[in-house]
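What follows is a set of notes on a single structure, which appears directly below.
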Amino acid sequence: MSAERLEAPPLVDERSRSDSLVSPLPARSDFVLDVSNFSVVYGTGEHMVRAVNDISFTLRRSAVLGVAGESGSGKSTLVYAMTRLLRAPGLISGGVVNLNTTRSGDAGEETVNLVTASEKELRKIRWSHVSIVLQSALSALNPVLRVGRDFDEVLKTHRPDMTRAQRRERAAELVSSVGLNEDRLDRFPHELSGGQRQRIMIALALALDPELVIMDEPTTALDVVTQREIMNELQDLRARFDFAMIFITHDLSLLVEIADEIVVMYAGSIVERARANELYEAPRHPYTLGLLNSFPPMHGQRRELTGIPGSPPDLADLPTGCKFHSRCPYAMTRCRDEEPPLTSLGDSERSVACWLHVGGPGVSVPVELSRDATTKDRAHANGERP
Amino acid sequence: MSETLNQPTSTPVQLSARHLTRHFTTRIPGRFMKAKHVVRAVDDVSLDLVAGHVTAVVGESGSGKSVLARMLARIVKPTSGELDLEGTPIAVGARRTLDYASKVQLVLQDPFASNNPVHHVRHSLERALLLHGATKGTVDELARAALTRVSLEPPDRFLDSYPHELSGGQLQRVSIARALCVRPSVLLADEPISMLDVSVRLGVLNLLKGLCDNEQLALLYITHDIASARYLADETIVMYAGQIVERSISTALVDEPTHPYTQLLIASVPNPADPTSQAREKAEHTTFAVADVGCRFAPRCPYAMDVCRTSDPPDFTVGEGHTSRCWLHASEPEAVSEVAPPERRREGETTKT
Amino acid sequence: MKALRLPRSPKVLLGLGIFGFFIIMTVIGPWLAPYSPSATNFTPNLTPSAHHLLGTTSLGQDIFSQLLVGARATMVVALLAGLVATVLSVTIGVTAGYLGGFSDDGLSLLSNVFLAIPGLPLLIVIDSYLPVNSRSNSLVIGLVISLTGWAWGARVLRAQTMSLRNRDFVEAARIIGEKRIRIMFSEIAPNLLPILASSLLFTVLYSIGAYVTLAYIGLTSTAVWNWGTMLYWAQSNNAPLSGEWYWFVPPGICIALVGTSLALLNFGIDEFINPRLRDAGLTSRQRRSLGLPRRIRLGLTPVLRPAIAKKISPSPAKLVGQ
């Protein structure tokens, strides 16, 4: 059954997919993942660290959600905890993660709350409905097995009715769909290059035709040319297999290219959420602006950029109020005392957690963070920072 | 082949390398007897590091850029070639001296791995200071000064910290401070920002730039990120499979790349501002491949001609201080054949030979 | 090293307790002994009583006094031999591992030879060549035992050094011009501390065994009292056959207890030396207070019950404007 689906590439019209993103609340069957008020802590007592704070988002079918954040932002904790793969002392301290497991042909609706799911349910869901691609393919693949065996194991476990020949055929099909020759199946992981291993991981993740694929920094360890090839490959694969994707990276410029919607995380909370192009063209949160200005441009006059002062947040020792205020050039007194809530800005579907935007009367939004800012304003703002 | 950039004669060349070459011999598994394979990690590379001047070396993993840096720091011995420190030739086979260490320092890529987990920051700084002439009485003050120079303030907060208590950006600054403690005239930085968080990368780059400007350090910046090379460096050198394939003033190199490999590198950089410029041409599997004969890039090159597969191109001058190791820029008409230089070919061009 | 915290694991505390007890016995045992261990002026073959807590030997010596006095020689030789063997194994192992090449080949050959020759026969051969008067010298016996006990530790440390020698922090030390000897013993060796400590414990254990064995088969001077000589006399006087258990069981138990305490201490080494390891995982008490299952399965992140979650982490800002 899955092999048939593999061959039918229902090319999703870009426009219609983007439009569906704007609708305020998705129809029930429209979402693949719905996360609300999700929180994760590490340890307990005085050493407890809040790694993910009260996060909510909805991922629509076939859409790409980009999660941007640096070390300590909780981006990896979020996805590991969501899929219940986070190790001790990680604890889920609240929230709901609803996964829509309805296949396109199924009658009726079926959703599973991953937070309350039993081990048996989770085992059924993982890989066949949600799969994960990790940053380091070398440590994710078994070094003493030929990579073909990994495919064989996955298919044997989840598709017990397949014969050995069918499994081999399916593996060959998957490997060629990520642009590799079939003979790679007979290689050991160390005989493949970093890019080839990552392709194998992607092919493995797609083996059971999941609705959702989570990519945790899949290209960070790769060279820029290989990264480009894999990103192109992913675009093609999404067009063919029509899966939704959560793409995690610290490289915001890469996200802008691939994601429909982006959430920017800082110290365990979402600080800004927006459509990818809007985020890039008009960031509203000072942190997002700083991140965008941290990539040296490829053209134009050379001028000094400053990046973001200070160090990434230490979850065990967070400042009061807005967690970003100690690094923020726009910080006000209020930012030190009160944490700004994530607030919808009214225009399209974007929200930001910053007192500059929800501070009420008397607080003026700097031009480079306002909706009318031009790219020049923002670049200028960076150069002028103290 | 050693037509390096014409430096103004007033600025002193601190470290100069001529025809540096490093070959590694590996055994090919499964073959007995003639089971030797020579990897040319660095092949005939010449460059000058000038005081107050940043030189960038850009390349992918496997391009030999890290081996080059280690040869310049003399912790890897070259197979052949010459080094010349402040006008004094160095016998490349000789043992590295403390004196050389006090002139040429190397900062490594991974700040978490390059700081000993069992020693605090004070230990690593004081060792560097004591080895290079400081006395017991002054080390404490000098260590504080070194931390201040790399903007780790107040220094007392960091002196007694262990590496696991600091962030990547802070640790990389500690590594730079340790290198500065020996008062070098040449600083080699091997991918100093690639392991760091995005938001602190510019801070480290600006620190390096400031040291170069204010203290007349000669800086070699090794990176795989061509955008940061353009931002930081005066001159940029692109390496592929151990060879320099293109070199020029950084802005000129990125704005008008002439070598197909440089063009591929630039097109691969994520650039949301200009989505049309991306390397959208379907990747026909350009796995890192190196030809043994002819141009090493030929197996991946979309413009490869017959001559590329048979003979290794020399450096062609394509502009002022701009050389490109590609047959497309040969001036002899028979070599050019009917193929135009790539920068003109790229527009509206989709098919290839 | 920063201030050492007391270990929490009961195993380690028990190990520390037993080991501490025997250390105290080593220091003050001879003073506590009610009689001279060699004095033969008591009635032979007495069973344990208030006057003779462990009875007397068939020569009329007080067994309890022998046990207390014998602790010192046994422990001193074992600790000395363990220490010397560890120093030997660090020097040889780290040097071989770091330098590589010919030095490695030579030193590896040496340690392989010592590994291949069975320790005890070698010990017996060396010991039988010692002048008789030096056999009563604990220092000499300790050194001889350490000679046969360093090779295994050297092998382990060599392997570990080889994996550390190409690490970036070693390269960084080389770049600033640090000398080889300093890199080996100031940069690499501190990273081997957990292995070193564990190797020390096991060489001490080995040394006790070796020393007691030598004494038991009568190769050390019978003038020096240790637990091995007690067993030697018990055996030669047919104590096991005549049911005089109080003669040979107490030294046996002491040897076993010291060995057990060393093994228990080994559990604590990682916890003691690596502070980051201690914080990983939840203790069983924490799990109970959070209402979590006793065993946390891999691939099944535990979820706190809402009531508990509210108690330990009051939810911060709520989503507004949605």
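All of the numbers you see were taken from the coordinates with simple rules; none came from a lab. Everything quoted here is computed from the prediction, not taken from an experiment. With ideal geometry, Cβ positions are generated from the backbone for all residues, glycine too; neighbour counts draw on all protein chains shown.
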Would you grab the residues whose amide H sits under 5 Å from the one on A:Ala51? Only those 5+ places off in sequence or on another chain, please, with H modelled 1.01 Å from N.
-> A:Val40, A:Val41, A:Tyr42
From the phi of every residue in the stretch C:46-56, what ³J(HN,Hα) in whole Hz does the Karplus formula 6.51 cos²θ - 1.76 cosθ + 1.60 yield, where θ is phi - 60° and glycine or proline is x?
-> 6, 7, x, 8, 5, 6, 10, 4, 10, x, 10
Using a ≥ b ≥ c from the Cα gyration tensor of the stretch A:112-168 (square roots of the eigenvalues), is it rounded, prolate or oblate, where a/c under 1.5 gives rounded and otherwise the larger of a/b and b/c decides, a/b for prolate?
-> oblate
Proxy exposure order for C:Met184, A:Met162 (fewest C-beta within 10 Å first) is A:Met162, C:Met184
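Across peptide B:200-211, how many C-beta atoms of other chains are within 10 Å of each residue C-beta, on average? Don't skip to the end; give the middle numbers.
Details: counts 10, 6, 12, 8, 1, 4, 4, 0, 0, 1, 1, 0.
Partner-chain Cβ atoms within 10 Å, mean over residues of B:200-211: 4.
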Going residue by residue through the stretch C:212-223, the Karplus relation 6.51 cos²θ - 1.76 cosθ + 1.60 with θ = phi - 60° gives ³J(HN,Hα) values, rounded to whole Hz and with x marking Gly or Pro, of 5, 5, 4, 5, 5, 8, x, 8, 9, 5, 6, 7
Counting only residues 5 or more apart in sequence or on a different chain, those whose built amide H sits under 5 Å from that of B:Val107 are B:Leu188, B:Ala189, B:Asp190
Partnerless cysteines, meaning none of the other Cys C-beta atoms lie under 4.7 Å away, in chain A | A:Cys328, A:Cys354
Rounded tilt (10° steps) of A:194-205 against the dominant C-alpha axis of chain A = 70
Cα gyration tensor shape of the stretch A:114-228, rounded if a/c is under 1.5, else prolate or oblate by comparing a/b with b/c | oblate
Which angle between 0 and 90 degrees, to the nearest 10, do you get for helix A:147-158 versus the longest principal axis of chain A when only C-alpha atoms count?
-> 90
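Defining a contact as two alpha carbons under 8 Å apart and six or more residues distant in sequence, what relative contact order in percent does chain A show?
The normalised contact order for chain A reaches 19 percent.
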Relative contact order, percent, of the stretch C:10-280 when contacts are C-alpha pairs under 8 Å separated by at least 6 residues?
-> 27
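Net charge within 14 Å of A:Asp186 by Cβ-Cβ distance, Lys/Arg positive one each and Asp/Glu negative one each, not counting A:Asp186 itself?
Around A:Asp186, the surrounding residues sum to 0.
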When the Karplus curve 6.51 cos²θ - 1.76 cosθ + 1.60 is applied with θ = phi - 60°, which whole-Hz ³J(HN,Hα) does each residue of the stretch C:235-242 get, with x for Gly and Pro?
-> 5, 5, 9, 6, 4, x, 6, 8
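Sum up the charges of everything whose Cβ sits under 14 Å from the Cβ of C:Met162, counting Lys and Arg as +1 and Asp and Glu as -1, but leave C:Met162 out.
Local net charge: +2.
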Between B:Asp197 and residues 5 or more places away or on another chain, the pairs with built amide H atoms under 5 Å apart involve B:Gly169
